[in-house]
Structures are given as C-alpha cells and as structure tokens.
1. Taking 0.36 nm per residue of sequence separation and subtracting the Cα-Cα distance, how much length would be gained by fully extending the chain between Cys257 and Ala244, in nm to one decimal?
2. Taking the dipole about the Cα centre of the chain, with the C-beta of Lys and Arg at +1 and of Asp and Glu at -1, give me whichever of Thr85, Ile173, Leu265 is farthest to the positive side.
3. Out of residues 5 or more away from Glu266 or on other chains, whose amide H comes under 5 Å of its own, with H placed 1.01 Å from N in the peptide plane?
4. Given a cut-off of 21 Å, name the pairs among Lys72/Lys223; Lys188/Lys261; Lys145/Lys195; Lys72/Lys226; Lys72/Lys195 whose C-alpha atoms lie farther apart than that in the structure shown.
5. Residues with amide H under 5 Å of Val37's amide H, sequence separation 5 or more or different chain, H placed in the peptide plane at 1.01 Å from N; which?
6. Can you find, among Ala202, Ser186, Ser233, the residue farthest towards the positive end of the dipole of segment 161-284? Put +1 on the C-beta of Lys and Arg, -1 on that of Asp and Glu.
7. Once the dipole of segment 111-228 is set up with Lys and Arg at +1 and Asp and Glu at -1 on Cβ about the Cα centre, which of Leu155, Ala115, Gln141 lies farthest towards its positive end?
8. Kindly provide the helix-only [θ] at 222 nm of the chain, computed as the sum of -39,500 (n - 2.57) over DSSP H runs of four or more divided by all residues, to the nearest 500 deg cm²/dmol?
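Taken together, the values in this text are just the output of simple stated rules run on the coordinates, not laboratory data. Since we're looking at a predicted model, the values are computed, not measured. Backbone-built Cβ (ideal geometry, glycine too); neighbour counts: all protein chains shown.
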Amino acid sequence: NEIKAARLLTQTSGKTLSEPIQNDQTKQAFLLSLSSVHPVTDEIIPVLFRPPAFMPVSLPLVIVSSLQLQAKQTFFYQLVFHMYTMGFTLFNGNGTTKTEEYPVHQRQIFHGLGAVSYAACIGALPLVFMNRYTLRSSLAQLVVKQLLPAPLLGLTSAFIVAVVRSPEFEDGIEVMDRNGKVVGVSQKAGEKAVKETALSRAVLFGSTFFLPAVLTHFVERAKLAKTPRALASVRMLMITSVLAGMLPLSLSMFPQCGEIKRADLEPEIQSLTEESELFYNRGI
C-alpha cells in the first residue's frame, strides 16, 4: 500500500523526469517507487531482492562463503549465496521477454536451480580434491583456499546470470527509440544485455573474494594480526570494504538504459526504423 501510494503521489505531482522534484515528500515517494518497482513491468519487487537490499543481504553470505572450511559447509554456504543471487537476477532482469509456449519465469526458475546446484558444486570441488588426495602443503593451501575461490565465484556468478536470463537472448527483448516507442524484439540486444550484466557480476564477486584473500595473506605473513580471531576480523573488514566499494563500480560499468547500434540489430528491426541507436533495459 505504501508503494502504491508513493507511485500515485509521483504520478500526480505534475513533474516529468526532466524536471526537478522540489517537494521532499515527492522526492521520497519517487525514490521509494524507483527502488521497489520493476522499471518495465511495474511489478513490486520483494523486499529482499530490491537493489537497496543487495548489499546488506549479500554481505554475510559472501563472508560465510569465503571461509573455505570443509567441502560440505562450503557447498551449503555457496548454495545459499547463489540462491539469493539467482532470485535477485530473476526479479531485476529485463522484464520484456514474452513467449506463448511456456511461462518465462517458470523456465528461468528451473534452469536457475540447476545452475545454482552446479555452481555450489564447483565452489566446493577444490576442497573435495584437497581432502581426497591429502594436499596439505602450504602451496596447495594457498592455491585452493585463497587463489581459486575468487575466479571460481566470479565465473559461477556470471554463469548463473546467463542461465537465469537465457530467455532474453533466446527469445529476445524489446528495443525502443529515443521517444520510448517499442520498435521490435531483438535477440542481439538480449545477448548484449545479459553479457554486460554477467560481466559486472563476475567483476563484483570475483574482486570481493580475490582482494581480501590477497591482503589477508600478506597480513598473516607479516604477523600483523596476533590471533586467528584478529585475522578473521581483518578479513571480514576487508570483504565489507571491497564489496561496498565494488558494488557501485560494477553497477556503473554499463548504463541501466543500454544502447545498441541499429547496424548491430537484426535486419527486420533495421527496416523498421531510421534511428542510428536504439535502447533497452539492461537489468541488474
């Protein structure tokens, strides 16, 4: 009800997006509407999967996923982590893909659950090998517990985005002209949107795992942290700092309103417009 009231207030305030919003109540209503409602479908996004909730929800999941204790624990923590990112991707995708053969969300959920299980297995696999073949050397510990998790998490995060949003590049997404008029449905625009989002997600979580692991290794070697608890606290602080810094950077890597050149689109769409560039909702 609060969100509907906020949207009604924004719509009746008499302001367009190009005009400044002076009234504080209208500003708050606009921000609430912007963060709570999908920009294309106008559907209300569940609280845990709204963009403002991404940092506070994902941070503890990233921290526990980075512990690298036992294979079973790592599998469970990464399963929960990837389940959340799958839900976030599902609710914050492009939103314009349509098909008459099957419900798009149902297909995304089925494919996403398989991708999440696969990603969690990949995340725990190095620990399984280390335990199975009793790799106890310091080099093996360094590689398996500190160097491998970052690229694996980055790649699996990008993989989940690609799988969950696969209908966008298989069935296409809507592209619009500068006036917001829908010109057509493009698979190439969908492919570009998914690639950009997957890359930004890989950079976000790959960096969040890699940088704290490297810095913690040097802190441990320099014996700056006297106890394991102090070292764990340093690691948590570094993960929090890197995630907080990388989140806005990853979101700003590509604009939310994506652009694609007319020459890069399908011939049937090129024949429908003379504009040199068309636009689409990239999603998050």
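1. 2.4 nm
2. Ranked along the dipole, the leading option is Thr85.
3. When sequence neighbours closer than 5 places are left aside, the close amide H contacts are Lys188.
4. Distance filter (> 21 Å) returns Lys72/Lys223; Lys145/Lys195; Lys72/Lys226; Lys72/Lys195.
5. Placed amide hydrogens put Ile45 under 5 Å from Val37.
6. Checked the options; the winner is Ser233.
7. My answer, from the dipole projection, is Gln141.
8. One gets -21000 deg cm²/dmol as the mean residue ellipticity at 222 nm.
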